[in-house]
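The values are calculated or read from the model by the stated rules, or taken from the named source; none is laboratory data. Note that this is a predicted model, so its numbers are computed, not measured. For neighbour counting, all protein chains shown are included, and Cβ atoms are generated from backbone atoms with ideal geometry for every residue, glycine included. The accessibility values were calculated without ligands, DNA or RNA, using every heavy atom of the protein model including side chains. Shrake-Rupley method; radii C 1.70, N 1.55, O 1.52, S 1.80 Å.
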Amino acid sequence: ARETAPAAVDPKDYLGPDGKPSRDHAINGPLSAAIPGEPAALAWLAEHYGQLPLARSLAPAIRLARDGFQPDARMLARIGARREVIARYPASAALYLVDGEVPRAGWTFKSADLARVFELLARHGHDGFYRGELANTLVDGVRKAGGRWSLEDLAAYAVKERAPIAFDYRGYHIVTASPPSSGGIALAEMLNILSGYRLDQLDRVHRVHLIVEAMRRAYRDRAEYLGDPDYVSMPVAELTSPLYAAGLRASIHPDKATPSALLPPYMAPLESTHTTHFSIIDSAGNMVSATQTVNLPFGSGFVVPGTGFVLNDEMDDFALVAGKPNAYGLVGGEANAPRPGHRPLSSMTPTLVIGKERTGVIGTPGGSRIITMVLEGVLAFIDGDTPEQIVARPRFHHQFLPDVISAEPGAFTPAEVKALEAMGHVVSESERRWGFMNAVSWNRKTGQMHAASDPRGTSGSGRVK
């Protein structure tokens, strides 16, 4: 249910007067918003997989929207980070600000408009959002504000059910996301590379070194080959093949970093960071790993009057201006160029890990770091960590370019940093942590379940027998 570009998409809209890419148009306001997919997904899941009618599943959300709730400090901080953009649009400011300012603790968020949107979806399913009264309101509001949506764009939106990426690693069967998410292919490539090593027998520095080298190669291929599978031919079988991974593994020196400049060059577009994820295993053993996103915190910052929700800014996940650098100096590829109805590339990597006795459900937000976080989570699960341990682990990341290992505070000791740098790696410790992983495990032999959410945000954990 990835978002799609409107039929009238025009790359010129994302250029400033000087002919250079306009970051503001790409991430803020109606031009940044792609046609939403999540409402269609909710209706599709209820119709094809759910045991409950959509109206019953949406009832708690309708109640929360109508009666309100008090946001935590994390949400208020996100509003603060986007206050300037939110304040541009009257309906956005009315929904998220108080007298033009960021609300204080104890403020109650509520939206009768959003409750009505949920009620239309609950009553009419897919058509409640994509046709009729709400569709007219959305298109009218977007176009009045300068966007390019049409009623035909909404009416044409359809869920695409695709075969997942599935492969084996160390006795576990792993099921993960297929394109237009890049996460599953990249995860398969990295784990196939790592399958040739006994990571459990290595010291921490050499283990990290090999994991980083696998990350480096997978992210290079991600940028080169991946896009919307409805329009781009991708060598998926080759990229996920153990034979291809063996060739990549042969290029890794056991004690020296491979400079990214020595690999075939490619520069990937930046992907933004605001995503949510939930992992579920129910009493019948059904599993859900679901990742969803509006891109930046509060998406485009633009609320269509009368709807009560903010539109995404997913257009920025396309390479909006082919061959021209974006505001971060990165060049996008033709495979991910914006075209009518196309779906942008993402890093979302919802994953199921199924062993002989233990099953895990893992996923996280985190922009381009999602894939490496899930990789580290899968490796930790297979090593025997509990969800509480998995979600709390300090994280590191490499994405081919820039040629740097990003590390959360405390991810490496000073001695480990020194040893990695002696191998030729550049290590940059971040001032912040990233991600908000959620993980569930089920020991099918004992029947015991564990669940944990990331301590980097509002968290909780528990054990169910």
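Numbers for the structure displayed
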read-out: Sequence of VAL426, VAL294 from largest to smallest accessible area, 1.4 Å probe; value: VAL426, VAL294
read-out: Between 0 and 90°, nearest 10: helix 132-144 axis offset from the chain longest Cα axis; value: 80
read-out: Rounded, prolate or oblate (a/c below 1.5 giving rounded, otherwise prolate when a/b exceeds b/c) for segment 77-185 by Cα gyration tensor; value: oblate
read-out: Under 14 Å, Cβ to Cβ, from PRO103 - net charge with Lys/Arg +1 and Asp/Glu -1; value: +3
read-out: Cα-based helix-to-principal-axis angle, 54-67 vs the chain, degrees rounded to 10; value: 70
read-out: Segment 356-404: GluC sites (Glu not before Pro) in DSSP coil with no more than 16 other Cβ atoms inside 10 Å; value: GLU357
read-out: Filtered chymotrypsin sites (Phe, Trp or Tyr not before Pro), segment 120-228: DSSP coil and at most 16 other beta carbons within 10 Å; value: none
read-out: Stokes-Einstein D for segment 14-74, Kirkwood Rh over Cα pairs, 10 °C, 1.306 mPa s (µm²/s); value: 104
read-out: Net charge contributed by nearby residues that have their C-beta within less than 11 Å of SER430 (K/R +1, D/E -1); value: +1
read-out: For segment 159-261: relative contact order, % (alpha-carbon pairs under 8 angstrom, 6 or more apart); value: 29
read-out: Over the chain: Kirkwood hydrodynamic radius from C-alpha pairwise inverse distances, Å; value: 23.1
read-out: Solution diffusion estimate, µm²/s, Stokes-Einstein, segment 361-465, Kirkwood Rh from C-alpha pairs, 4 °C, viscosity 1.567 mPa s; value: 88
read-out: Helix 370-382 axis, angle to the chain major axis (alpha carbon atoms, nearest 10°); value: 50
read-out: Under-5 Å amide H pairs with LEU15, H placed in peptide plane, nonlocal only; value: SER22
read-out: Structure-based [θ]222 nm, the chain - -39500 (n - 2.57) summed over DSSP H runs of at least 4, per residue, nearest 500; value: -10000 deg cm²/dmol
read-out: Nearest-0.05 FRET efficiency for LYS256 and TYR231, computed from C-beta distance (R0 35 Å); value: 0.35
read-out: Convex hull of Cα atoms in segment 147-283, direction-averaged projection (nm²); value: 12.4
read-out: Value of relative contact order over segment 79-159, rounded to a whole percent, pairs C-alpha under 8 Å and six or more apart; value: 16
read-out: The chain, relative contact order in percent, only Cα pairs under 8 angstrom and at least six apart counted; value: 19
read-out: Loop-located trypsin sites (Lys or Arg not before Pro) in segment 166-215 whose Cβ has at most 16 other Cβ within 10 Å (DSSP); value: ARG170, ARG198
read-out: Residue order for TYR96, TYR49 - accessible surface, 1.4 angstrom probe, largest first; value: TYR49, TYR96
read-out: Length released on extending from ARG131 to GLN51, taking residue separation times 0.36 nm less the Cα-Cα span; value: 26.3 nm
